[in-house]
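> One structure coming up, written as structure tokens, with questions to follow.
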Amino acid sequence: MKVKDLNKSKLPVVRIDNSLEKYKDKVLFKDKLDKANQMLKTIGLPKSRKQSG
Amino acid sequence: MKLERYELKAEKSLMVFEFVSEGPKGQIPKLVQFGETNLKDLYNLAFGDKDISTGEISDSVVSNNSDSDKVLATVVATVYAFTDRHPGVWVYATGSTMSRTRLYRMGLTKYLQEIMEDFDLYGQKKGEWELFEKGVEYEAFLVQRKND
């Protein structure tokens, strides 16, 4: 099976690229994250949420 | 989701992904990040363009590369990959503008049946979470992968 065919499944083929490691500990979209944190501080998680794990 | 999508690259923890949009405006590298929020096990999904010349990343640029369906399908694929690697987490997403949020809602609505097979999906409305429904304007979205 070719990568192109495998990539049609819901779970995609992901190639590991070590050059992306430099982004891992950086906040790339700070404004968006700040807004999300502000929103989540008041709204939290759904009340009917399932327990994770 | 049977939509065509771009090939993905990521760092080892699958929290940062990169793909390249291709269209009339040329090749535009895009980064997707699942950022840790102040809530445990809840990550903020954000993506934007990487400027090759400056290295800067922006989620406010409008690429107009005529491939928004393919881009969204690719971002959805990163959610599958991320939640497969990090089971039990929640993913929060909203657009950088109201029109982008609406675009995401339309994308979610279009493939709602398939999404609901794999995720619990919520929409934020007036400061509350509710189960996502078609035709309702939401300010943000929250998903959690269902247990297999």
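The values are calculated or read from the model by the stated rules, or taken from the named source; none is laboratory data. Bear in mind the structure is a predicted one, so any value in this text is a computation, not a measurement. We place every Cβ from the backbone using ideal geometry, glycine too, and count neighbours over all the protein chains shown.
> Could you count how many residues in segment B:104-126 are more than 22 Å from B:His86 (Cβ to Cβ), surrounded by fewer than 14 Cβ atoms within 10 Å (Cβ to Cβ) and modelled with pLDDT of 90 or more?
1
> From the list B:Thr83, B:Thr74, which one is touching a residue at least 60 places away in the same chain (Cβ under 8 Å), more than 9 Å from chain A (Cβ to nearest Cβ), out of contact with any His (no Cβ under 7 Å at 6 or more places or on another chain) and surrounded by 19 or more Cβ atoms within 10 Å (Cβ to Cβ)?
B:Thr83
> Kindly list the number of the only condition in (1) more than 16 Å from B:Arg145 (Cβ to Cβ); (2) touching a helix residue (DSSP H, G or I) at 6+ places or on another chain (Cβ under 9 Å); (3) of a type in the set (S, T, N, Q) that fails for B:Thr83.
Every condition holds for B:Thr83 apart from (1).
> Same structure, new question: Restricting attention to strands (runs of 3 or more DSSP E) lying wholly within segment B:51-148, give those where 2 or more residues are over 15 Å from the mean Cα position of the chain (by Cα) and not aliphatic (A, V, I, L, M).
B:119-125, B:128-131
> Suppose we filter segment B:50-71 for residues that are of a type outside the set (Ser, Thr, Tyr) and within 11 Å of another protein chain (Cβ to nearest Cβ); how many remain?
5
> All but one of (1) more than 21 Å from B:Gln124 (Cα to Cα); (2) not in a helix (DSSP H, G or I) hold for B:Phe47; which doesn't?
(1)
> Moving on. For the list (1) surrounded by fewer than 19 Cβ atoms within 10 Å (Cβ to Cβ); (2) of a type in the set (Val, Ile, Thr); (3) within 18 Å of the chain's Cα centre (by Cα), I need the number of the one condition that B:Val32 fails.
It fails just one condition, (1).
> Also, quick follow-up: Do you know which residues across segment B:12-37 are part of a loop (DSSP other than H, G, I, E, B), of a type outside the set (Ser, Thr, Tyr) and facing chain A (nearest Cβ under 9 Å)?
Matches in segment B:12-37: B:Lys12, B:Leu14, B:Met15.
> Provide a single number: the residues in segment B:38-49 that are surrounded by fewer than 19 Cβ atoms within 10 Å (Cβ to Cβ) and either at the interface with chain A (Cβ under 7 Å from one of its Cβ atoms) or within 20 Å of B:Ala77 (Cβ to Cβ) (or both).
3
> A further question on this structure: Looking at segment B:86-103, can you tell me whether even one residue there is crowded, with 19+ Cβ neighbours inside 10 Å, without any contact (Cβ under 8 Å) to a residue 60 or more places away in the chain and among the basic types (Lys, Arg)?
Among the residues of segment B:86-103, not one is crowded, with 19+ Cβ neighbours inside 10 Å, without any contact (Cβ under 8 Å) to a residue 60 or more places away in the chain and among the basic types (Lys, Arg), which makes the answer no.
> Report the residue count in segment B:48-78 for those that are out of contact with any Phe, Trp or Tyr (no Cβ under 8 Å at 6 or more places or on another chain) and under 26 Å from A:Ser9 (Cβ atoms).
Looking only at segment B:48-78, we keep the residues that are out of contact with any Phe, Trp or Tyr (no Cβ under 8 Å at 6 or more places or on another chain), and these are B:49-56, B:58, B:60-69, B:73, B:77.
In the following step, the residues that additionally are under 26 Å from A:Ser9 (Cβ atoms) were identified as B:65-69, B:73, B:77.
Residues that pass the stated criteria total 7.
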